[in-house]
1. Kindly indicate the residue of region 400-414 that is modelled with pLDDT of 85 or more and surrounded by fewer than 16 Cβ atoms within 10 Å (Cβ to Cβ) and also nearest to residue 205 (Cα to Cα) among those meeting that condition.
2. Kindly indicate whether any position in region 397-413 is within 27 Å of residue 265 (Cβ to Cβ), in contact (Cβ under 8 Å) with a residue 60 or more places away in the chain and in contact with a strand residue (DSSP E or B) (Cβ under 9 Å, 6 or more places away or on another chain).
3. Have a look at 318, 267 and point out the one that is surrounded by fewer than 19 Cβ atoms within 10 Å (Cβ to Cβ) and either at pLDDT 95 or above or more than 21 Å from residue 389 (Cα to Cα) (or both).
4. For residue 58, which of the numbered conditions (1) modelled with pLDDT of 95 or more; (2) touching a helix residue (DSSP H, G or I) at 6+ places or on another chain (Cβ under 8 Å); (3) under 16 Å from residue 514 (Cα atoms); (4) surrounded by 16 or more Cβ atoms within 10 Å (Cβ to Cβ) fails to hold?
5. Just checking, how many residues over region 460-483 are without any contact (Cβ under 8 Å) to a residue 12 or more places away in the chain and out of contact with any helix residue (DSSP H, G or I) (no Cβ under 6 Å at 6 or more places or on another chain)?
6. Among the residues in region 176-188, are any over 22 Å from residue 339 (Cα atoms), out of contact with any strand residue (DSSP E or B) (no Cβ under 6 Å at 6 or more places or on another chain) and part of a loop (DSSP other than H, G, I, E, B)?
7. So, in region 457-493, how many residues would count as being over 28 Å from the mean Cα position of the chain (by Cα) and more than 14 Å from residue 577 (Cα to Cα)?
8. For region 415-438, which positions are modelled with pLDDT of 95 or more and part of a loop (DSSP other than H, G, I, E, B)?
């Protein structure tokens, strides 16, 4: 039988109709009980010339139906031809079913947009499932740079997308405050402390952090401790200096993220895993050992590493190969301290223990080789009950008019996130960081993102939203009682005579609007927020094209002074476009301006 229809959204509606037909055939032809219809999908065809929608029903059900896919497709098509929503059906290739819908389907989809207004496209597919999205997690050793920026935007947009799709999302930041790099930070800060006390420290030694951003840390240390730390050995001053430095670096990082409108729900300290009396790393290793997943053994030399650099010794190993990894992995270093991997396992077990079975980690381009071992570890510590999806965010090449941007003096060796946001604004940064798939290298040109042209995607999409509001403003000369507020205006336009929208360009826009709810669900399932950015650009492009067409053909203009009915119908279409543009931009964390100067 057909699954319960989640909403009146068009793709879900047609899918329910296909499911109903398949259920009827199952009864008539005696298919085995319990046929899984979840494999049946309805989606846009790759080639628009093939129709409005396509279904794989015959392809995936042929085996259970004991029929050739093409023959089963004919049976399904015969029943669907009686559906009042479908204008025509074609069968392609070995059994794909292409559907062309009657115009009323697209008009009803527009009415759905108007009825649901700002909620249109908001899904229930997440079913309030808890999802942990961990992103940024930059070492707290300095300000955010432009590379961190892309991961920050991607993770935040993904969290927004999952929330809109109905998931219960927690945004998390893992503070790497227990490794050697924070000791280097402390030594660098101590040098600035000496400087704050009046000492000439000269050139920053190799291996320490050279950026000026540590000067305030040195000054804060001097204000709090005076010169008392100078007479202490490193073992005595390292901990308080490290604590001050990490705290101030995290305050800087949070401020940088706030400039991008990014706020995390949880900041989780790595150091808390090995706190006094609560060593969760040791507990996790014991847990895995009890399951037979930790043992003492030797590893073969790593591929590509010279033999003289390899230490052949018996060590504590995680049986990663039992869970899909290529080799087993060390948990303890030769000095008895934990490997980063051991801490990471404990951290992900902690996520699971907090009730998260759906985990998403956003990592930088240099962490691709770490994925298999971490996924193996999650399978082990959760007995396969949790899934970890790792999204790799590739590098950003920062340009200005096609030329590489020089490094920042403040940071010492990179361009900071704050410098980029201050120059072009958070909207441009967020949208352009998403206007390319996360695993592809991104060229970010500071000059191009400020252009007011079609070649600047963020401007073009935002301008589409502003253009819609300009149309509403001008339309009040014809329809004086057109409300200003979005929800009220949508309700006012819901009874418009939208059947008068018959131009191919108008119908094309209607098809784009009908696609949005399905796109939200698909992008959320795939963890790919860039799909929303691409869609918004396509929607804005079609809207601008229709506006241009009306300039050349006056009868297609949105406002017809002597015809209030067609004006109201076209305003309904504009409202649909404006609502979806605003919704999609909000999901991505980008503003939808009512006007642009």
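1. Among residues in region 400-414 that are modelled with pLDDT of 85 or more and surrounded by fewer than 16 Cβ atoms within 10 Å (Cβ to Cβ), the one nearest to residue 205 (Cα to Cα) is 404.
2. Checked against the condition, which is being within 27 Å of residue 265 (Cβ to Cβ), in contact (Cβ under 8 Å) with a residue 60 or more places away in the chain and in contact with a strand residue (DSSP E or B) (Cβ under 9 Å, 6 or more places away or on another chain), region 397-413 yields no hits at all.
3. 267
4. So the condition that residue 58 fails would be (3).
5. Within region 460-483, the first condition is being without any contact (Cβ under 8 Å) to a residue 12 or more places away in the chain, and the residues that meet it are 473, 476, 480-481, 483.
With out of contact with any helix residue (DSSP H, G or I) (no Cβ under 6 Å at 6 or more places or on another chain) added as a condition, the list becomes 473, 476, 480-481.
Summing the residues that are without any contact (Cβ under 8 Å) to a residue 12 or more places away in the chain and out of contact with any helix residue (DSSP H, G or I) (no Cβ under 6 Å at 6 or more places or on another chain) in region 460-483 gives 4.
6. Within region 176-188 (the criterion being over 22 Å from residue 339 (Cα atoms), out of contact with any strand residue (DSSP E or B) (no Cβ under 6 Å at 6 or more places or on another chain) and part of a loop (DSSP other than H, G, I, E, B)), the answer is no, since none of the residues qualifies.
7. Adding up the residues that qualify gives 16.
8. 425, 435, 436, 437, 438
The values are calculated or read from the model by the stated rules, or taken from the named source; none is laboratory data. None of these values were measured; they are calculated from a predicted model. Reconstructed Cβ throughout: ideal geometry from the backbone, glycine too, with neighbour counts over all protein chains shown.
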